[in-house]
1. Grab the strands (runs of 3 or more DSSP E) fully contained in region 1-119, keeping just those with 1 or more residues being among the small types (Gly, Ala, Ser) and over 15 Å from the mean Cα position of the chain (by Cα).
2. Hey, does region 58-67 have a residue that's surrounded by 18 or more Cβ atoms within 10 Å (Cβ to Cβ) and hydrophobic (A, V, I, L, M, F, W, C)?
3. Which pairs have Cβ atoms under 9 Å, sit 6 or more apart or on different chains, and link a residue in region 21-41 that is farther than 14 Å from GLY9 by Cα to one that is modelled with pLDDT under 95 and open to solvent by 10 Å² or more (accessible area, probe 1.4 Å)?
4. Would you tally the residues in region 1-54 being modelled with pLDDT under 95, out of contact with any Cys (no Cβ under 8 Å at 6 or more places or on another chain) and small (Gly, Ala, Ser)?
5. Got a sec? Which of SER26, SER17, SER34 is within 24 Å of GLY92 (Cβ to Cβ) and open to solvent by less than 30 Å² (accessible area, probe 1.4 Å)?
6. Mind counting the residues in region 69-110 that are touching a helix residue (DSSP H, G or I) at 6+ places or on another chain (Cβ under 9 Å), modelled with pLDDT of 95 or more and either among the hydrophobic types (A, V, I, L, M, F, W, C) or open to solvent by less than 60 Å² (accessible area, probe 1.4 Å) (or both)?
Amino acid sequence: MLQSTDIAGPHRLTPQSITEVVTETSPGNYTLGSIQENGFCVLYVGRADRDVAKQLRSWVSQYPHYKSFVFSYASGPRTAFDKECEDFHDYGGTERLDNAGHPQRPAEIDWLCPRCDCFD
């Protein structure tokens, strides 16, 4: 179930919906999933270090089982990385999400996860 209050959605995961609701070119975070009777079911968490709309559009045709998304803008790549890590842990990690593993930090950057020691 949706737990964060600083995100927009859920919205249908279509190119038109993304264009209508993600109006800024900005780093950001997103969750993909489906709308069920009791709310939005999160299946995948992700981030975009530069353009959250572009990243969301890349999911539309490639993974049709994700029907909906929520998103938030981030002030920069580090903020997006930290939130992606928080969301990953909040929503159950690889045990409950489709994510193959812990969020990866950008290449040649030594940021640490705010919740675990996976990069130590």
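The values are calculated or read from the model by the stated rules, or taken from the named source; none is laboratory data. It should be emphasised that the depicted structure is a prediction, and the values quoted were computed from it without experimental measurement. Backbone-built Cβ (ideal geometry, glycine too); neighbour counts: all protein chains shown. The accessibility values were calculated without ligands, DNA or RNA, using every heavy atom of the protein model including side chains. Shrake-Rupley method; radii C 1.70, N 1.55, O 1.52, S 1.80 Å.
1. Working: elements: 8-12, 28-36, 39-48, 68-73.
Answer list for region 1-119: 39-48.
2. Taking every residue of region 58-67 in turn, none turns out to be surrounded by 18 or more Cβ atoms within 10 Å (Cβ to Cβ) and hydrophobic (A, V, I, L, M, F, W, C).
3. ASN38/MET1
4. Summing the residues that are modelled with pLDDT under 95, out of contact with any Cys (no Cβ under 8 Å at 6 or more places or on another chain) and small (Gly, Ala, Ser) in region 1-54 gives 4.
5. Numbers: SER26 fails: within 24 Å of GLY92 (Cβ to Cβ); SER17 fails: within 24 Å of GLY92 (Cβ to Cβ).
Criteria check complete, one pass: SER34.
6. 12
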